[in-house]
Amino acid sequence: MKGQGLRLYAILYLVFLYAPIALLPIFAFNDATIISFPLRGFTTEWFAALADLPTLHLALKNSLIIAVSSSVLATSLGIFAARASTRYEFPGKGGLMGLIMLPLVLPEVIVAMSLLMVLLGIGVNLAIWTVILGHTLICTPFAIAILSAAFQSLDKSLEEAAYDLGESKLSTFRLITLPLVMPGIISSLLISFTISLDEFIIAFFLAGSEPTLPVYIYSQLRFPKQIPAIMALGTILVALSVLLLTIAEYFRRRGLKKTGAKDTGGFL
Amino acid sequence: MRREAKSRRLGPFHAPDPVQTEPDTARQAGAGDRGGMEEKSRWHRFRRSEAFAGLTLISPTALYALLLLVAPLATILVYSFLTDGDTVTRIVWEFTFENYITTWTQPIYRAVMMRSLSVSMMVTAVTVILAFPVAYYVSFHVAPGRKALWLFLITIPFWTSYLIRVFLWKVILGYNGVINSGLTSLGLIDEPLTFILYNVNSIVLTLAHAYAPFAILPIFVALEKIDRSLLEAGQDLGESRLMTFWRVTLPLAMPGVVAAVLIVLIPTIGDYVTPQLIGGGKIPMIANLIQSQMLDQDNRPLGSALAVSAMLIVTVVALAFVLLNARFLRVKK
Amino acid sequence: MNNVPQAAAPAPIASRPTMIEFRDVHKYYGDYHALRGINATIKAGEFFSLLGPSGCGKTTLLRTIAGFEDISSGAVLIDGKHMVDVPANVRPTNMVFQSYAIFPHLTVEQNVGFGLRREGGTPAEKARRVEEALEMVGLKGFGKRAAHALSGGQRQRVALARALILKPKVLLLDEPLSALDKKMREQMQVELIRLQRQVGITFILVTHDQEEALVMSDRIAVMFEGQIAQLADPETLYRRPNSRQVANFIGVMNFLPAKVLTEAAGRIAIDVQGLGQTEIDATQAPGAVTGGEISVGFRPETLTMLYEGQTTTERETPGTIEEVVYYGDMTYYDVRLDGVDSPVRISMRNVFGRPVLDIGTRTRVAWSAGALVLFR
C-alpha cells in the first residue's frame with residue numbers, strides 16, 4: 001500500500017525530470033519556426049539546416065578536440081591520484097585529495113574567473129588549449145571517483161602474486177592491473193568526454209574567440225529563428241549523451257563482474 | 001586483525017623500483033656507525049617508504065590542481081585587497097579593504113548576495129524535500145536487481161547539456177512558451193501569463209530541476225547503508241512504522257541529507273546560466289555580478305572581492321548547516 | 001601420485017641442511033613493533049608452520065621471506081644467501097595467497113603458466129609443464145576453464161599449481177585453508193601433506209588454527225606479539241608447552257595452583273591443590289621453574305573418570321561433576337575436585353553400554369604424575 005503511493009510519486013518525479021527533455025524531439029520535428037503549441041506537422045528540415053551552419057561545424061570540431069584532450073588528460077591524472085589514494089598512506093593525503101576534488105563543490109564561475117584572471121595576468125592568448133586546461137581540472141574529480149572504485153575493487157594480492165611469479169613492477173601493471181581496471185578507465189574517458197562536451201561556463205570565458213558547441217548554442221539562443229535548429233541540435237546531443245552513458249555504464253558493470261565485486265549503483 | 005591488515009598494505013611492494021637493488025647502507029654500517037651514515041640512511045629509508053611512493057604517484061595530479069586551482073584562487077584573494085586602476089593599468093598595487101567595504105555595504109551588492117543566498121536555499125529545500133521520497137522508494141521498495149536501472153534513469157538527465165535543459169524551461173515558461181500556448185489553445189486563458197517567467201520563482205524551479213539527481217544519489221547511498229534489521233528491531237520493540245522512520249531511518253539517513261544539501265547549495269549559489277536565461281539578465285545573482293565586475297566593468301579587485309565573499313558565504317552556510325545537523329543528531333541520540 | 005619414489009625414511013629434521021634463517025629480525029611500522037627479535041632456522045624439505053592469534057606477526061614474518069615486507073633490522077637468509085635488497089620477483093620462493101589471488105581475466109592454464117612467461121623453453125614445453133602442474137594438483141583437463149568459474153577448492157589448487165610450477169625452494173602458504181568449509185579443509189590438509197612429500201621442498205604455512213598446524217607440520221613456531229614463544233614439533237608443543245600462553249592456545253589445558261617443595265637430581269617434588277604431594281621429572285618443567293608458587297597443567301584426556309567399582313594403578317582424587325557436554329564420540333565433564341577452587345575439564349571417549357554421568361554425581365578421577373606440566 002505504502003509502496004504503491006511512493007511508486008506513483010517516484011514515477012511522477014521521473015516524468016518531471018524528463019518532461020523538458022521530451023520537448024526537444026517534439027519541437028525538433030515540428031514544422032514551425034515558433035516553439036509553441038499546437039504542433040504544425042512533421043519535418044526534418046531543422047536537422048537538414050544544421051548542415052549549412054559553418055560556425056556550428058567549427059564549434060563542433062573545437063568541442064571534439066577539447067573533449068578528447070580533456071578526457072585523456074583527466075583520466076591520466078585520475079589514474080595517478082586514484083592509484084595513490086587507494087594503495088598508499090602518506091602525510092597530507094586527505095588535504096591533497098580534498099584539493100584535487102575541490103572543483104566538484106566550487107561554483108564553476110569562480111573556477112573560470114580565477115583561472116581567467118591568471119591567464120590574462122600572465123598575458124596568455126585565450127584559445128582551445130586554455131579551455132582544455134580548465135576542463136581537465138573539472139573532469140579530474142569525476143575521473144578519480146570512477147577510477148578509485150575500479151582500483152579499490154582490485155585485490156592487492158593479485159599484483160603481489162604476479163610480482164612473486166617473477167614479473168617486474170611495470171609488467172605486473174601491464175599484465176594484471178591495467179586489464180582489470182580497463183573498464184574503469186574507459187568509463188572515466190566517456191564520462192569526462194561527456195562533461196567536457198556539455199560544459200559551458202569555462203568554455204564561455206576561456207575560449208577567447210573560438211566557439212565551442214555550448215558557447216555556440218548560447219549565442220544562438222538570442223535569435224528566435226534559430227531556435228528550431230537548436231532544438232534539433234539538442235536532440236542529437238541528448239541522444240549522443242545517452243548513448244555514451246549507456247556504454248560507460250556497460251563497461252562499469254563489466255568491470256565489476258570481472259573483478260567479482262558487488263554492484264553498488266550509479267556513477268557517483 | 002586490523003594491525004595485520006594494515007601491515008599488508010604497508011609493504012615495500014610499491015616502492016620505487018631502482019632503489020631496491022641498492023645495498024642498504026644502514027644495515028651494513030651496523031649500529032656503531034653514526035653521523036653522515038644516519039642522515040643518508042634516513043633519506044634512503046624515506047625513498048623506500050610508502051609515503052614517498054604515494055607522494056610521488058599523486059604529485060602530477062596534485063601539481064596540476066595547485067597550478068590551475070590553488071594559484072588562481074590565491075590570485076583573486078590577492079587581487080581583492082588591491083586597488084582598481086584605469087583600463088591601461090587595470091590594477092594598482094595598493095593594499096586596501098575598500099573592495100570588501102563596497103561589497104558588504106553597497107545596497108545593490110548586498111541585495112544580490114541576499115538573493116543568491118535565498119534562491120539557493122529555496123532550491124536546496126525544494127530539491128531535497130522532493131528527492132527524499134524518491135531515494136527512499138528506490139532504496140526500500142525497488143528490487144535489488146532493478147535499483148541500478150532506476151539510478152541510471154535518474155542520472156541521465158543530469159548528463160544532458162545543462163545549457164539546453166535550462167533553455168528548455170524558458171521554452172516551457174516563456175511568453176509564447178509551451179504552457180502559455182498550451183493553455184491558450186485549450187481556451188483556458190485569453191492572454192499569455194506573464195508572471196511565470198523572468199522572476200525568482202522560475203529561477204528556483206529551473207535550478208531545482210537541474211540539481212535533482214544530485215540530491216537523490218547521496219540520500220540513496222545513506223539509505224542503502226542502513227542495516228534493514230535495525231528497522232525490524234524498531235518495529236519489534238513496538239514502534240509504529242512512522243515512529244521507526246522518525247527515530248531510526250531519518251537519523252541514519254541524515255549524513256546523506258547533509259551531503260545532498262551541500263552538493264546542491266554550493267553550486268546553486270554560484271549559478272550563472274539560469275539567471276541569465278530564465279531571469280532574462282534582469283535578476284542577477286552573485287555569479288553574474290562577479291562576471292560583470294571582472295570583465296564588463298573591468299574592476300578586477302572588486303570582482304575578486306565579490307568572488308571571495310561568495311566563497312565565504314558558501315563556506316559559512318555549509319559549516320553552519322553541518323554543525324546544526326551534528327547537534328540535531330546528538331540530541332536525537 | 002603412484003610413481004612417487006618412496007624414500008626409505010625422511011632424514012630427521014635436525015640433520016637436514018638449513019633453508020631459511022632468521023637472525024634477530026625486527027620490524028617496525030612507525031612506532032608499532034611488529035616483529036621483536038625473531039631467531040629461527042627452517043630446514044630444507046620441512047613442513048613448517050607459523051601459528052598464532054591475529055596480529056601476532058606471523059603473516060608479517062612470512063612476507064619478509066617472500067620479500068613483500070622490508071625488515072627494520074636483522075637478517076633473513078634463504079639457502080645461505082642474504083635476502084636484504086633481493087626483491088620478491090627474484091627470490092626462490094613462491095606464495096599461495098589467502099585470497100588465492102587467481103587472475104580473474106585469465107584461464108586456468110594461463111594462470112598456472114603465468115610464471116613461465118619469463119622462462120626459456122618452447123611453447124610446447126611450457127604447455128607440458130602446465131599440464132603436469134595441473135595433474136599434480138588434481139585439475140587435469142581444467143586448463144581451458146575461466147578462472148572466475150572455479151569453486152573455492154579449485155581456486156586453491158590452481159594457486160598451488162601456479163606457485164609450484166616454478167620449482168621454488170620454498171613454498172609460502174598464507175592461511176590457505178581459511179576460506180574453505182570444514183570438510184574441504186580437512187581434505188586439503190591431507191592433500192597438502194601429500195604434495196609436500198611429493199615435491200620435497202620446504203613448505204611454510206601461516207595459520208591461526210592450532211589443529212591445522214598440529215596435523216600438518218613437522219615443526220611449529222607459536223608466535224605471540226611479534227615473538228616466537230615456542231618452536232617445537234607438534235607432540236612436544238602439545239605435551240610440553242613452555243608457557244601457560246602456549247598451553248592455552250594449543251588445545252585445552254587445566255591449571256591448578258601448586259608449590260615446589262624440593263628440587264634434586266632431575267626430580268622435582270611438588271604439592272598440588274586437590275591432588276596432594278607428588279614427584280615429577282625435571283623435563284616436565286620446560287618453562288624453567290624456579291620454585292615457590294607455580295601452577296601445574298594437564299590435558300583433559302590425561303584424566304580418567306573411574307566408575308563405581310573400577311580401580312586404578314594411578315593416583316586418584318575424589319570430586320563432583322558440575323557440567324556435562326556431550327559430543328557424540330566424546331563427553332566433556334567439568335569436575336570439581338575436593339579441595340580445589342575451580343573445576344577441571346576431563347574428556348572421556350564414549351564407550352557403548354557405558355552411560356553418560358549426570359551433573360552432581362560424586363566420582364573419582366585417576367591421574368598420573370607423568371602427564372603434569374609445570375608453569376611459572
TODO: Select from region C:43-58 the residues that are buried (at least 24 other Cβ atoms within 10 Å of the Cβ) and of a type in the set (Ser, Thr, Tyr) and list them in ascending order.
DONE: C:Ser49
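If you check B:Ala318 against the conditions, is it over 16 Å from B:Arg115 (Cβ atoms) and either crowded, with 21+ Cβ neighbours inside 10 Å or not assigned by TED's automatic domain parsing to the domain that holds B:Ser202 (or both)? I'd like the intermediate steps shown before the answer.
Numbers: over 16 Å from B:Arg115 (Cβ atoms): yes; either crowded, with 21+ Cβ neighbours inside 10 Å or not assigned by TED's automatic domain parsing to the domain that holds B:Ser202 (or both): no.
In short, no.
Considering only residues that are free of Cβ contacts under 8 Å to residues at least 40 places away in the same chain and part of a helix (DSSP H, G or I), which ones fall in region A:98-128? Give the steps one after another, and end with the answer.
Of region A:98-128, the ones free of Cβ contacts under 8 Å to residues at least 40 places away in the same chain are A:98-99, A:102-107, A:110, A:114, A:117-118, A:120-124.
Within region A:98-128, A:Gly98, A:Leu99, A:Leu102, A:Pro103, A:Leu104, A:Ile110, A:Ser114, A:Met117, A:Val118, A:Leu120, A:Gly121 qualify.
Among B:Leu217, B:Leu197, which is the only one that is crowded, with 20+ Cβ neighbours inside 10 Å and either assigned to a loop (DSSP other than H, G, I, E, B) or basic (Lys, Arg) (or both)?
Working: B:Leu217 fails: either assigned to a loop (DSSP other than H, G, I, E, B) or basic (Lys, Arg) (or both).
After applying the criteria, what remains is B:Leu197.
Which members of region B:259-298 meet the condition of being more than 22 Å from B:Thr206 (Cα to Cα), open to solvent by 10 Å² or more (accessible area, probe 1.4 Å) and in a helix (DSSP H, G or I)? Full working, then the answer.
Filtering region B:259-298 for residues more than 22 Å from B:Thr206 (Cα to Cα) gives B:292-298.
This time we only want the ones that are open to solvent by 10 Å² or more (accessible area, probe 1.4 Å), so: B:292-293, B:295-298.
Those that are more than 22 Å from B:Thr206 (Cα to Cα), open to solvent by 10 Å² or more (accessible area, probe 1.4 Å) and in a helix (DSSP H, G or I): B:Ser292, B:Gln293, B:Leu295, B:Asp296.
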Open item on the list: For region C:78-106: of the residues being of a type in the set (A, V, I, L, M) and facing chain A (nearest Cβ under 7 Å), which is farthest from C:Val170 (Cα to Cα)?
Closed with: C:Ala101
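Which one of these is open to solvent by 30 Å² or more (accessible area, probe 1.4 Å) and either modelled with pLDDT of 55 or more or within 12 Å of chain A (Cβ to nearest Cβ) (or both): B:Thr56, B:Thr61? Walk me through it before giving the result.
Details: B:Thr61 fails: open to solvent by 30 Å² or more (accessible area, probe 1.4 Å).
Step by step, each of B:Thr56, B:Thr61 is checked, and only B:Thr56 is open to solvent by 30 Å² or more (accessible area, probe 1.4 Å) and either modelled with pLDDT of 55 or more or within 12 Å of chain A (Cβ to nearest Cβ) (or both).
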Task: Hits in region C:17-34 (condition: buried (at least 16 other Cβ atoms within 10 Å of the Cβ) and more than 14 Å from chain B (Cβ to nearest Cβ)) - done: C:Met19, C:Ile20, C:Glu21, C:Phe22
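When you scan region C:224-237, do you find a residue that is buried (at least 21 other Cβ atoms within 10 Å of the Cβ) and outside any strand (DSSP E or B), even just one? It would help to see each step written out before you state the result.
Initially, region C:224-237 is screened for residues buried (at least 21 other Cβ atoms within 10 Å of the Cβ), giving C:226, C:228, C:230, C:237.
From the residues that got through so far, the ones that are outside any strand (DSSP E or B) too are C:226, C:237.
Checked region C:224-237: at least one residue is buried (at least 21 other Cβ atoms within 10 Å of the Cβ) and outside any strand (DSSP E or B).
For region A:5-13, check the following and say yes or no: at least one residue is closer than 30 Å to A:Ile138 by Cβ and modelled with pLDDT of 90 or more.
Step one: of region A:5-13, the residues closer than 30 Å to A:Ile138 by Cβ are A:13.
Checking the rest, the ones that are also modelled with pLDDT of 90 or more come to A:13.
So far as region A:5-13 goes, yes, one or more of its residues are closer than 30 Å to A:Ile138 by Cβ and modelled with pLDDT of 90 or more.
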Open item on the list: List the strands (runs of 3 or more DSSP E) inside region C:254-338, counting only whole elements, that have at least 1 residues being touching a Lys or Arg at 6+ places or on another chain (Cβ under 6 Å), of a type in the set (Val, Ile, Thr) and modelled with pLDDT of 90 or more.
Closed with: C:315-326
Open item on the list: With the condition being without any contact (Cβ under 8 Å) to a residue 12 or more places away in the chain and open to solvent by 60 Å² or more (accessible area, probe 1.4 Å), I'd like the helices (runs of 4 or more DSSP H) fully within region C:91-190 carrying at least 2 qualifying residues.
Closed with: C:123-136
- [ ] Kindly provide the set of residues from region A:68-84 that are facing chain B (nearest Cβ under 7 Å) and open to solvent by less than 40 Å² (accessible area, probe 1.4 Å), ordered by number.
- [x] A:Leu77, A:Ala81, A:Arg83, A:Ala84
- [ ] Output the residue which, of all residues in region A:1-31 that are surrounded by 14 or more Cβ atoms within 10 Å (Cβ to Cβ) and not in a helix (DSSP H, G or I), is nearest to the other protein chains (Cβ to nearest Cβ).
- [x] A:Asn30
TODO: Report yes if B:Arg228 is buried (at least 21 other Cβ atoms within 10 Å of the Cβ), basic (Lys, Arg) and either assigned by TED's automatic domain parsing to the domain that holds B:Thr249 or touching a helix residue (DSSP H, G or I) at 6+ places or on another chain (Cβ under 7 Å) (or both), otherwise no.
DONE: no
- [ ] Return yes or no: is C:Gly251 surrounded by fewer than 18 Cβ atoms within 10 Å (Cβ to Cβ) and either assigned by TED's automatic domain parsing to the domain that holds C:Glu211 or not polar (S, T, N, Q) (or both)?
- [x] yes
TODO: Answer yes if at least one residue in region C:73-87 is open to solvent by 20 Å² or more (accessible area, probe 1.4 Å), touching a residue at least 24 places away in the same chain (Cβ under 8 Å) and farther than 21 Å from B:Ser49 by Cβ, and no otherwise.
DONE: yes
Task: Selection from region A:112-166 of residues that are more than 30 Å from B:Leu77 (Cα to Cα), at the interface with chain B (Cβ under 9 Å from one of its Cβ atoms) and open to solvent by 20 Å² or more (accessible area, probe 1.4 Å) - done: A:Lys156
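Does C:Leu62 meet the test of being part of a helix (DSSP H, G or I) and under 23 Å from C:Arg219 (Cα atoms)?
Working: part of a helix (DSSP H, G or I): yes; under 23 Å from C:Arg219 (Cα atoms): yes.
When the stated conditions are applied, C:Leu62 passes them.
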- [ ] Report, by residue number, each residue of region B:304-315 that is modelled with pLDDT of 90 or more and either basic (Lys, Arg) or crowded, with 24+ Cβ neighbours inside 10 Å (or both).
- [x] B:Ser304, B:Ala305, B:Leu306, B:Ala307
- [ ] State the number of residues belonging to region B:241-258 that are within 12 Å of chain A (Cβ to nearest Cβ) and open to solvent by 60 Å² or more (accessible area, probe 1.4 Å).
- [x] 2
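The values are calculated or read from the model by the stated rules, or taken from the named source; none is laboratory data. Remember, predicted model here, so these are calculated numbers, not experimental data. Every residue, glycine as well, gets a Cβ built from its backbone with ideal geometry; the counts of neighbours run over all protein chains shown. The area values use the complete protein model at the heavy-atom level, side chains included, leaving out ligands, DNA and RNA. Shrake-Rupley method; radii C 1.70, N 1.55, O 1.52, S 1.80 Å.
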